Structure formats: C-alpha cells, structure tokens
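> Sharing a structure here in structure tokens format.
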Amino acid sequence: MALTVAYQLVFVGSINTAVAGLLPDTAQQGQIGLTLPISTSVSGLLAVVSILFGTYVLLVATRLLVRDPGELSSLPSELFTHRVGRALVAAVVANVVVSITVTLGLIALVVPGLFLSVSFTFVFFAIGVEDQGPIDALRRSWELATGNRWRVFGLVLIVGIVAGAVGGLSSLFAMAGPAVGQIVILTIISIVTIVNYGILADAFVQLRTEAASEPKIQ
C-alpha cells in the first residue's frame with residue numbers, strides 16, 4: 001500500500017507539474033493541485049517512470065497476495081526480484097492490448113467492452129504468478145473467466161461500486177485545498193486498489209484450483 005501511494009502521488013504530481021508549466025497564469029497553476037519542484041521536461045520523464053514502477057508494484061502484489069493466509073505476513077525478496085524485467089515488459093504489452101481492445105469494445109457497444117474487461121481481469125496474475133508472456137497471459141485469463149464471467153463480473157461490479165463510493169466521499173477533502181484533496185483521494189484510492197487486488201487474488205486462486213481439478217478431455 002505504501003508503494004502504491006508513493007507512485008500514485010509521484011505520477012499525479014508529475015502530470016500536474018507538466019500541465020502547470022504550460023499555463024501562463026499563476027492563479028490557474030495554483031488550482032491544479034499537487035505539484036513537484038521539478039522542471040516540465042523532468043516531470044514528463046518522471047511520469048513515465050512512475051507508471052512503470054506502479055506496474056511493477058501491482059505485479060509484486062499479485063505474487064504476494066495469492067499465497068496461503070499463513071504466509072501473508074512475510075515479504076520474501078524473491079517475489080520482488082524473480083524475472084521482474086520479463087514480467088514488466090509482458091505487463092506493459094498486455095496492458096496496452098487490453099486497454100485498446102476494451103476501449104474499442106466500449107465505443108462500439110458497451111457490452112463487448114464489459115465482456116472483454118471481465119475476460120482479461122486476471123492478465124496481471126497470469127504474468128506475475130505464472131510467468132506467462134503477454135499473449136499467453138491473455139489466453140490464460142480468458143480461460144479462467146470462461147464459464148465464470150457472471151461471477152467475475154459481479155465481483156468486479158461490487159468492488160467498483162465500493163471504490164466509487166469511497167472516492168466520492170474522499171473528494172470532500174478537496175475543500176481543504178486542491179493539493180490536500182488530491183493527496184487524500186490518491187491515498188484512499190491506493191488502499192482500495194490493494195484491497196481490490198487481494199479480492200481478485202483470492203478469486204484467481206479459486207478459479208485456478210477449479211480449472212486444475214476439472215477432468216481433461218483426451
């Protein structure tokens with residue numbers, strides 16, 4: 001959670017700094033929110049780095065959260081270091097593919113977009129936990145979702161409603177100031193994100209166990 005909060009704050013701060021650098025009006029700059037004491041060019045680079053770091057954090061989260069409950073209090077170093085370069089590249093490629101396909105599905109018709117979103121829910125878990133490449137991770141997530149899409153959709157919907165409600169309540173802190181409001185909102189969103197990943201990790205383990213126990217057709 002701490003790492004997630006950190007990268008969220010750095011990413012949003014970098015984007016705000018880049019936007020502020022493009023605004024000539026000092027008053028407008030003050031309304032943007034959290035900014036960092038860096039140049040506009042550096043802020044763009046830092047935004048990219050923070051996205052990659054955030055992807056890495058989520059990959060590590062998938063590995064940590066799928067373990068047995070008795071192991072969750074430990075943080076073994078190999079889960080942070082095992083083939084992280086390969087996993088990071090696979091996650092970036094898969095994320096681009098999923099983002100494009102889901103967006104096109106939502107633009108064309110809402111239902112195909114939701115269908116694809118549910119089908120690719122476990123892509124990061126397939127990459128982080130099972131060392132799958134981007135294409136194999138897409139197939140693996142599709143395989144796990146097959147026959148379970150309504151269950152997964154219901155789970156994602158409930159989590160989304162809770163996250164939206166929490167985000168709406170946390171937006172009240174914006175009255176204390178743009179920067180303070182963003183810090184509070186991003187902190188709460190980061191906490192909800194990790195809790196969400198814990199729920200999805202449990203679903204991934206259940207579906208993987210069910211898939212492994214099914215008789216294979218010769």
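The values are calculated or read from the model by the stated rules, or taken from the named source; none is laboratory data. None of these values were measured; they are calculated from a predicted model. Here the Cβ is made from the backbone with ideal geometry for all residues, glycine too, and neighbour counts use every protein chain on show. For the accessible areas, the whole protein counts, side chains as well, though only heavy atoms, and no ligand, DNA or RNA atoms are used. Shrake-Rupley method; radii C 1.70, N 1.55, O 1.52, S 1.80 Å.
> What's the total number of residues in the range 31-84 that are in a helix (DSSP H, G or I) and either β-branched (Val, Ile, Thr) or exposed (fewer than 12 other Cβ atoms within 10 Å of the Cβ) (or both)?
Looking only at that region, the number is 16.
> Looking at (1) touching a Lys or Arg at 6+ places or on another chain (Cβ under 6 Å); (2) open to solvent by 30 Å² or more (accessible area, probe 1.4 Å), find the lone condition where Val118 falls short.
Answer for Val118: the failing condition is (2).
> Can I ask one more? Within the range 5-16, can one find any residue that is closer than 19 Å to Ala201 by Cα and either β-branched (Val, Ile, Thr) or part of a helix (DSSP H, G or I) (or both)?
no
> While we're here: Which is out of contact with any strand residue (DSSP E or B) (no Cβ under 7 Å at 6 or more places or on another chain) and open to solvent by less than 70 Å² (accessible area, probe 1.4 Å), of Val111, Val162, Val156, Val96?
Answer to the check: Val156.
> If Tyr7 satisfies all but one of (1) within 16 Å of Phe125 (Cα to Cα); (2) under 14 Å from the mean Cα position of the chain (by Cα), what's the number of the condition it fails?
(1)
> Would you check which residues across the range 133-148 are under 17 Å from Val98 (Cβ atoms) and open to solvent by less than 50 Å² (accessible area, probe 1.4 Å) and list them?
Of everything in the range 133-148, those that are under 17 Å from Val98 (Cβ atoms) and open to solvent by less than 50 Å² (accessible area, probe 1.4 Å) turn out to be Gly133, Pro134, Ala137, Leu138, Arg140, Ser141, Leu144, Ala145.
> What are the residues in the range 193-218 that are modelled with pLDDT under 85 and surrounded by fewer than 17 Cβ atoms within 10 Å (Cβ to Cβ), if any?
Ala211, Ala212, Ser213, Glu214, Pro215, Lys216, Ile217, Gln218
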